[in-house]
Each structure stands twice: as C-alpha cells, then as structure tokens.
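Before any comments, here is the structure.
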Amino acid sequence: MKKLVAFIGSPRKDGNTAALVGEIVRGAQAAGAQTAVFDLYAMNIAPCQSCFTCRQEPACSQQDDMAAAYQSIKDADAVVIGSPVYMHQVTGQTKTFLDRLFPLMDAGFQPRFGTRKAIAVYSQGNPDPQAFAAAFADNAAILKIMGLDVAATLVAAGANDPRAAAGDKNLMAQAFAAGQSLVQ
Ligand SMILES: Cc1cc2nc3c(=O)[nH]c(=O)nc-3n(C[C@H](O)[C@H](O)[C@H](O)COP(=O)(O)O)c2cc1C
C-alpha cells in the first residue's frame, strides 16, 4: 500500500490550504493509499540552529516534533506541502519546517533518503495564480535537492475568505485528482 504524508502550514485550521490539502488526501485515500496529515502550527518545531551536524551525520541534532515528520517522509511514497502566501512566500512556520528539512540532503546537495513525488499547495489573496510563480519555482527547486520532486502545484488565488477554495468545485476536483495520481 502506498503511503502519503501531508503538511499544512496555515494557522487557519479550516482555511483554504487545509481544504485543498484535505481534498488531495481524500483523493489519495480513494486510490487506496494510507495517509497522515501534520498541522505545522500545532507542532513544536524549533528553528534550525545552523549547527551543521546534519552535514556530517544523516540526522538533526534537535529533538522536537520534526522527529516524527522526518520518519513520516522517509516512510512515505508521496509528500504534500501546503502553505498560504505570506509576504510573497510561505508562512513563517512553513519556512521553519523547510529549513529543518536540511538533513534530507547530503553534503553533496543530493537527496540523502531517496526521491518521492510531491505536490505543492498554495493559497493567496492575489487573484492572479501566476503572481508568485517565481517563488513557487524556487521552492520546488530546493525541495528537489531534498528528494521531494514537485509533480503538481495547486494554487487557490483570490482566497482571503477561508471558504473560497472549498467553494471552487473545479479546484477541488483538481486537488482530488492530483491526490489520486500522486499515489498511482
Ligand atoms: C501576514 C499575511 C501576509 C500575507 N501576504 C500575502 C501576499 O504577499 N500575497 C498574497 O497574495 N496574499 C497574502 N496574504 C493573504 C493570504 O495568502 C490568503 O488570505 C490565503 O488564502 C490564506 O490561506 P489560508 O486560508 O489557508 O490560511 C497574506 C496574509 C497574511 C495574514
């Protein structure tokens, strides 16, 4: 059975990012996958301390909720990372999470634990879905070095109302289908 792990980086439990990630997870479940969802804002994730231990050893020196996240990623066939856009980038908690993925790449900037397919999810107030395409491409590039190969990027645009994405049938259908195909 395929395994999918998802990370939600919005403080709004019932917001757009959560709605889209939830629909991807439902799609993966419909395709027979086992799923796990992490709420980054409910987790104790300390900032990277730049100790560089993970450049020598394949692990982080800090003991916090990232331990479960690392294990879930290693166990997974597919990974979903979702965040609202804050100040043209991911939220602060999502950025802290991304920094802490440093142990997933080795000293030669290669994936240390293999490669998995991934979906990136964003929600933004700006109505133009392409407005932050450059930032999203940068994120995909660094995730690839860590072995998370972004196969699809879903964007809820013009989505300050927390129910906007859930009300967009087309976008939700895209999310469901993306979840299905991610684990097939
Ligand atoms: C502190 C803050 C910064 C934001 N910065 C941006 C931004 O740079 N560009 C944008 O389009 N929307 C911005 N937004 C709006 C959010 O991206 C938008 O409301 C998003 O859909 C929220 O996602 P959620 O419902 O999953 O929490 C910002 C919102 C907050 C609270």
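Values quoted throughout were computed directly from the atomic coordinates according to the rules given, and no laboratory measurement underlies them. Nothing here was measured: the structure is a model prediction, and the numbers come from that model. Positions of Cβ are backbone-derived with ideal geometry, glycine not excepted, and every protein chain shown enters the neighbour counts.
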Long-range amide H partners of Leu154 with built H, under 5 Å
Ala120, Val121, Tyr122
At most 13 other Cβ atoms within 10 Å and a DSSP loop assignment: could you name the chymotrypsin sites (Phe, Trp or Tyr not before Pro) in region 21-122 that fit?
Phe52, Phe109
Using only Cα atoms, figure out Rg for region 3-182 and give it as a multiple of 2.2 N^0.38 Å.
0.98
Per DSSP H run of n ≥ 4, the term is -39500 (n - 2.57); total these for the chain, divide by its residue number, and report the mean residue ellipticity at 222 nm rounded to 500 deg cm²/dmol.
-10500 deg cm²/dmol
Under-5 Å amide H pairs with Phe7, H placed in peptide plane, nonlocal only:
Phe38, Val80, Ile81, Gly82
Can you list the lysines whose alpha carbon is less than 21 Å from that of Lys74, not counting same-chain residues fewer than 8 positions off?
Lys2, Lys3, Lys95, Lys117, Lys144
Can you tell me how much longer the chain between Gln29 and Lys95 gets when fully stretched, taken as 0.36 nm per residue apart minus their C-alpha distance, in nm with one decimal?
21.0 nm
